[in-house]
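Nothing in this text is a laboratory measurement; each read-out follows from the coordinates by a stated rule. Everything quoted here is computed from the prediction, not taken from an experiment. Quick reminder, even Gly has a Cβ in these numbers, built from the backbone with ideal geometry, and neighbours come from all protein chains shown.
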Amino acid sequence: MPDLFDKHGGFRRLHSFTLATIVQIETLRFCRRFLTFDHRESDRKFYDPKGRQYDQMTQAARSGRQNIIEGSERSSTSKDTEMKLTDVSRASLSELRGDYEIFILDREQLPWSVHSPEAKAVNAVSLDAAPFADDLVHESARHALEQRRKYARWLDSEDAVVVANAMLVIIGRALNMLKSQIQAQGRAFEETGGFSERLVAKRLEAREGRKSAEPAPDCPQCAQPMRRRKSANGDFWGCSAYPDCKGSRPA
């Protein structure tokens with residue numbers, strides 16, 4: 001019988017969470033550096049007179065990270081909710097990827113080809129395993145910043161298109177990881193069922209355990225021990241010597 005509650009809250013060890021953290025931090029930084037609300041800016045930035053692009057990009061980046069957290073925390077009682085929130089995270093990051101793509105196209109340039117040396121170099125960055133001990137928030141933040149430094153040559157570029165292209169690759173990698181997570185969550189649901197199913201099974205198990213622990217009475221006709229039996233009218237005690245003895249009594 002599987003445990004009633006699934007393990008939960010391990011999101012800080014996921015590479016997808018580390019990338020989502022980098023994506024949120026860098027999107028905030030990107031918007032501060034390259035989006036402007038002031039049409040009087042002398043250099044050509046992405047014109048966003050009411051700040052809507054800024055808000056939408058930063059909110060999509062936030063949703064991408066926060067839904068990984070919420071999905072992981074909810075996994076103890078609902079695999080279905082965990083899968084849905086992981087999918088929301090994936091949808092939010094997909095939306096954000098579209099914004100970076102439009103930013104590049106607005107400057108009359110093309111996103112890097114997946115076959116280009118630049119895209120291959122960003123995609124080849126290897127992430128370290130998260131070495132957490134007992135200070136998860138502090139160590140998780142430090143780990144994310146350490147992994148971010150591996151992308152610094154692109155993310156710290158003064159060329160906004162280079163930064164946007166690097167973000168496209170990083171987001172694409174996070175999306176692939178989240179897709180694999182959803183598939184793994186689905187397999188876990190098939191193997192162990194959902195919380196409601198396990199709760200019913202645990203209740204039945206406890207009920208049967210109480211029944212098996214209940215001492216059997218003696219048959220009122222032959223004094224042999226009796227056994228709990230079932231009928232259309234409910235449970236009853238029947239003589240263990242049945243059919244030689246047909247003694248019975250209510251359960």
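Per-residue packing, averaged as other Cβ atoms within 10 Å, sorts the ranges 133-146, 18-31, 53-66, 153-166 into the order 18-31, 53-66, 153-166, 133-146, beginning with the highest. Here region 111-125 and region 131-179 have alpha carbon centers that stand 15 Å from each other. Loop-located trypsin sites (Lys or Arg not before Pro) in region 76-125 (DSSP state other than H, G, I, E, B) with a sparse environment of at most 15 neighbouring Cβ atoms within 10 Å: R107.
Charge tally around S113: other residues with Cβ under 14 Å, Lys/Arg +1 each, Asp/Glu -1 each, net -1.
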